[in-house]
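Below is one structure, written out as structure tokens; comments come after it.
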Amino acid sequence: MSLTLIRPDDWHLHLRDGAALAAVLPDTARRFGRAIVMPNLKPPVRTVEEAAAYRERILAALPAGMSFEPLMTLYLTDVTPPEEIAKVKASGFVKALKLYPAGATTNSDAGVTDINKVLPTLAEMARQGIPLLVHGEVTDPSVDVFDREAVFIERVMKPLLGKLPDLKVVFEHITTKQAANFVWSAGANVAATITAHHLLLNRNALFQGALPQHHYCLPVLKRELHREALMDVAISGNPRFFLGTDSAPHARGIKQTLCGCAGIYTAHAGIELYAEAFESVNALDRLEGFASRFGPLFYGLPANADTITLVKEPVAVPAEIPYLADDVLVPMRAGETVAWRLLD
Ligand code: DOR
Ligand code: ZN
């Protein structure tokens, strides 16, 4: 069995920088035409100038003969001035700003401490049609970690869209039935990305296997009922739900010990894992919309002009992938197989 799709794009990706960037970029560029590149570097990508420099480093790291278009984002801080938004619009290559609630996830310390502090900048984004990409979790330590996304909808998302009803928002890597329902019922300006790991795994995976910490990501995996709700909207054909892998590499050493960082590396099977998920519910015919058409539609871009082909054939996933000079990366399904193979 084979499956040919318009070449997909990844609407949520972590590429890191330096040696890490060079190690992971080919996995994405082989499969995806474009990707929305997350700005949570150290230090974060806060200005159009910084995004231009990062974009150049990405293009320089691309192996000869591969084509790939990085779509850049800025990291919203408490002090991002409204004036930066005109520069974003003029740049053409910065497509969105990313909201990290301060302390919510990896490299989010410079994030927004109070959404009200950035309202003038968000209002300018709404005026200029620049999307806000949201890590939708509250950081209130009294809120249960499994409930932080659902609480964010009530405390932040609804009030924000009440104040700025035209703001384009992508609720990133949704993990709950509440988020799926919220986006489903929202207007045409509100969309969501869904990762392959949140479609394939529920929270049992956090406690199973030899390396369960490698299934730790944020927002954390949820109960089966939430996974099923994500699957329902992913295969629904509703164009406001589209692919975003949130592939997030971390060196094995620090992930297993010092920081226990959140993030799952999936770029090595970035489209294949979604094919598995869609096939599991007999919805392979819905994959092209989700992976290749709906993201460009929301961002106002054309779909890619070429195609990729997957064949149903098990592929072994290595136990580790070269990453930094002194450490490796443990990919999703390490030492196991994925069910689809990408043809070159
Ligand atoms: O699992 C995650 N990893 N979630 C995030 O929000 C950040 C990301 C990362 O940068 O590692
Ligand atoms: Zn992410």
Worksheet item: So what's the Cα pair-distance distribution over the chain, bin width 20 Å, in %?
Response: 33, 62, 5
Worksheet item: So if we plug the beta-carbon distance of Phe146 and Gln208 into 1/(1 + (r/R0)^6) with R0 = 22 Å, what FRET efficiency do we get, rounded to 0.05?
Response: 0.80
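Using the 10 angstrom Cβ neighbour count as an exposure proxy, how do Val317, Val170, Val190 rank, fewest first?
By the 10 Å Cβ count, ascending: Val317, Val190, Val170.
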Worksheet item: For His226, what charge total do you get from the other residues with a beta carbon under 10 Å from its beta carbon, if Lys and Arg give +1 and Asp and Glu give -1?
Response: +2
Item to complete: Mind listing the long-range amide H neighbours of Tyr323? Cut-off is under 5 Å, sequence gap 5 or more, other chains count too, H placed in the peptide plane at 1.01 Å from N.
Response: Leu329
Discussion item. Against the empirical 2.2 N^0.38 Å scaling, what ratio does the C-alpha Rg of segment 1-51 come to?
Written reply: 1.37
Response to the item:
For 48-57, 123-132, ranked highest to lowest by mean beta-carbon neighbours within 10 Å, the order is 123-132, 48-57
Response to the item:
The farthest towards the positive end of the charge dipole of the chain, of the residues Leu62, Val138, Leu343, given +1 on Cβ of Lys and Arg and -1 on Cβ of Asp and Glu, is Val138
Worksheet item: Over the Cα atoms of segment 181-235, how large are the radius of gyration and the largest Cα-Cα distance (Dmax), in Å?
Response: 12.9, 43
Discussion item. Quick check on the exposure proxy: order Val88, Val220 from fewest to most C-beta atoms within 10 angstrom.
Written reply: Val220, Val88
Item to complete: Send over the per residue convex hull volume for segment 107-204, Cα only, as a whole number of Å³.
Response: 118
Worksheet item: Which FRET efficiency value, to the nearest 0.05, is calculated for Glu49 and Ile254 with the Förster distance at 30 angstrom and r the Cβ-Cβ distance?
Response: 0.50
Worksheet item: Hey, got the dipole for segment 7-301? About the Cα centre, +1 on K and R Cβ, -1 on D and E Cβ, debye to the nearest 20?
Response: 220
Practice prompt. Please report the relative contact order for segment 63-180, taking Cα pairs under 8 Å with a sequence separation of at least 6, and give it as a percent rounded to a whole number.
Written response: 24
Worksheet entry | Whole-Hz couplings from phi, Karplus 6.51/-1.76/1.60, listed for segment 95-110; x for Gly and Pro | 9, 6, 10, 10, 9, 9, x, 3, x, 6, 7, 3, 6, 10, 4, 8
Worksheet, complete the sentence: Expected vector for segment 261-268, Karplus 3J(HN,Hα) from phi with 6.51, -1.76, 1.60 and θ = phi - 60°, integer Hz, x for Gly and Pro, equals 4, 7, x, 10, 8, 10, 4, 5
Practice prompt. Calculate the length of the line joining the C-alpha centroid of segment 43-68 to that of segment 126-146, in whole Å.
Written response: 25
Fill in: Residues Ser236, Ser142, Ser67, sorted so that the one with the fewest Cβ neighbours within 10 Å comes first
Ser142, Ser67, Ser236
Worksheet item: Please state the relative contact order of the chain as a whole percent: Cα pairs under 8 Å, 6+ residues apart?
Response: 19
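Where a number appears in this text, it was derived from the coordinates with a stated rule and is not lab data. Quantities reported herein were computed from a predicted structural model and do not represent experimental measurements. Reconstructed Cβ throughout: ideal geometry from the backbone, glycine too, with neighbour counts over all protein chains shown.
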